[in-house]
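Written below as structure tokens is the structure these notes are about.
The values are calculated or read from the model by the stated rules, or taken from the named source; none is laboratory data. Every value quoted in this text rests on a predicted model; they were computed, and no experiment measured them. Counting neighbours? That spans all protein chains shown, and the Cβs are built from the backbone with ideal geometry, glycine included. Protein only, heavy atoms only, side chains kept; ligands, DNA and RNA dropped before computing areas. Shrake-Rupley method; radii C 1.70, N 1.55, O 1.52, S 1.80 Å.
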Amino acid sequence: MPVIDIAELMTPLGPFERAPSIAVAVSGGSDSLGLGLLLAEWVQARDGRLIVLTIDHGLRPEAAAECARVAEIFAAIPGCSAHILHWDGDKPAHGLQAAARGARYALLAEWCRSHGVLHLAVGHTADDQAETVAMRQAHGSGPAGLAGMAALRPEQGVRLLRPLLSVPRGAIRDWLRARGRDWIDDPSNELTKFERVRVRQGLNAEEARGLLEQARQRGEERDRLERSAAALLAEAAQLHDGGYVSLDLEAFLAARHDVQATALRQVMLSVSGADYAPDLAEILSTVATGAVAPRTLGGCLLQTLQGRLCVFREAAAIAAPVQVAPGWAGLWDNRFGLRVAGGLSPAEEWRIGPLGEVGLRQAVDRFGIRLKRHPMPLPARRALPALWRGGHEGELLVSQPHLHLGEGLAAWAAPRHTVTTCGFTVAAGRPHTIYSSVPS
């Protein structure tokens, strides 16, 4: 009978709790179903629990029955529970796979955060890794991108685990067949309008092996680089409550150029909430002079202040204000979690948007606050979330919690990308270990 040693695959992804709680995304396809069943054995041996999350994307009429079938399989296994999540709302006409992927991770991470589950496993295999490297190679990715997917990385507040990255899809299917388990074949996996499908169909076994070896070598290089960047962030970075990061310039400039680039890229992703950071060559050359005049890049505003390189959110890059109702709660600008008080009048018009210059003027004129000597730098204040009342012509600032203005809005840090690389997350200037290794 085919053997896949899930304990061996999970060991480098630790540490785990004594009785671990693991969430796993299961679509019903062979890869995710195999991972779910393997993890069910793994948690049972450790007196833990497995939470199976399956998503109905609302794209195919068969999806509801398939999700129900997944839930039925795992509900019958001791130590397992299953939950069906839904991607509601309109679906884009273009970029559907990317949009579905983004929605899927958002739903999975939100469920895990709200239920106190730290570990989220997904079923990417060696085949997926080879396809990813081939696509990145075709798009001109650099060395870090050509390392492929990491087996472990932070994702929206959870530890995203990929235990099967070294396991071929064929081995998983053999393992399932030996146990009499059937899986669901998603017909969209055969649609050549999707780039991944075209790449999959064009790759032969020898090419795939070569791509995987390249990913392994690049992954080792990326791992060493990220560990160095982690040490730099732990020493030099401070994540401020106002949603910006500052780096001790002397410590930053003492690091190797590639370590500087990796650390600054991580910081900018955290502050901007973007998926990708821009080319940093020019800004790093400017930073090397020891002084950076305010400049915008990749949704951030960078400048040096009092011997520190500060990375602020660019206020002008923040999306338009969102209309909210009393009691609303959610993420804003990929940086803050917000909650609007439920006792506000539902007859009024309420919006959440950046404080900006208008809000700063109202803070002085209406609230009487003195901001000239406020310890939070001006660029950070401009990009803070604020609750507004009324239409655009006569909006009034109601609340800004960081500056203690008014009431009605609560805020807490919730960055999409934690300021972390390979083992450390930085908060209030202190490093906290969140995992011990990042296999690539």
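The table below lists the values:
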read-out: Helical segments meeting 20 Å axial Cα length and Kyte-Doolittle -1.0 threshold in the chain (DSSP H); value: 30-44, 96-114, 205-236, 257-272
read-out: Expected-Rg normalisation [2.2 N^0.38 Å, Cα atoms] applied to the range 1-96; value: 1.22
read-out: Charge-dipole axis of the chain as Lys and Arg at +1 and Asp and Glu at -1 on Cβ define it, positive-most pick from Pro168, Ala325, Ser114; value: Ala325
read-out: FRET E, pair Ala329, Leu396, Förster distance 25 Å, beta-carbon r, rounded to 0.05; value: 0.70
read-out: Contour excess over end-to-end distance, with Cα ends at Leu191 and Arg18 and 0.36 nm allotted per residue; value: 57.9 nm
read-out: Ratio of the Cα radius of gyration of the range 156-238 to 2.2 N^0.38 Å, where N counts its residues; value: 1.56
read-out: Rounded to the nearest 20 debye, dipole of the range 144-267 from Cβ charges on Lys, Arg, Asp, Glu; value: 560
read-out: Accessible area of the range 204-299 belonging to carbon and sulfur atoms, whole % at 1.4 Å probe; value: 48
read-out: Helical contribution to [θ] at 222 nm, DSSP H n ≥ 4, -39,500 (n - 2.57), averaged over the chain, rounded to 500; value: -11500 deg cm²/dmol
read-out: Cα lying deepest toward the dipole's positive end in the chain, options Leu191, His374, Gly48, charges on Cβ; value: His374
read-out: The range 110-199 - charge dipole about Cα centre, Lys and Arg +1 at Cβ, Asp and Glu -1, debye rounded to 20; value: 200
read-out: Separation of alpha-carbon centers, the range 60-108 and the range 163-196, rounded to whole Å; value: 17
read-out: Equivalent ellipsoid semi-axes - Cα gyration tensor, the range 141-287, angstrom; value: 38, 17, 16
read-out: For the range 1-158, accessible area per residue (1.4 Å probe, heavy atoms of protein chains only), Å²; value: 44
read-out: Sites Glu41 and Gln97 - FRET efficiency at Förster radius 35 Å, r taken between beta-carbons, to 0.05; value: 0.65
read-out: The chain, relative contact order in percent, only Cα pairs under 8 angstrom and at least six apart counted; value: 16
read-out: Estimated D of the range 273-354 in µm² per second, where Rh is the Kirkwood radius over Cα pairs and Stokes-Einstein applies at 20 °C, 1.002 mPa s; value: 140
read-out: Options Val311, His240, Leu203, ranked by Cα towards positive dipole end of the range 187-338, top entry (Cβ charges); value: Leu203
read-out: Å² per residue, accessible surface of the range 224-327 at 1.4 Å; value: 44
read-out: Accessible area of the range 77-151 belonging to carbon and sulfur atoms, whole % at 1.4 Å probe; value: 57
read-out: Principal axis dimensions, the range 28-153 - Cα atoms, whole angstrom, descending; value: 47, 36, 27
read-out: Rg to Rh quotient for the range 295-414, alpha carbon positions, Kirkwood Rh; value: 0.97
read-out: Residue-span extension gain [Thr289 to Arg256] - 0.36 nm each, minus C-alpha spacing; value: 10.4 nm
read-out: Under the Debye formula (equal points on every Cα, no solvent term), log10 I(q)/I(0) of the chain at q = 0.07 Å⁻¹; value: -0.40
read-out: Bins of 10 Å from zero: percent of alpha-carbon pairs in the range 1-46; value: 24, 58, 18, 0
read-out: Length released on extending from Arg370 to Leu59, taking residue separation times 0.36 nm less the Cα-Cα span; value: 106.6 nm
read-out: Cβ-defined net charge surrounding Ala229, 12 Å radius [Lys, Arg +1; Asp, Glu -1]; value: +1
read-out: Estimated FRET transfer efficiency when R0 is 56 angstrom, pair Asp241-Arg177 (beta carbons, to 0.05); value: 0.55
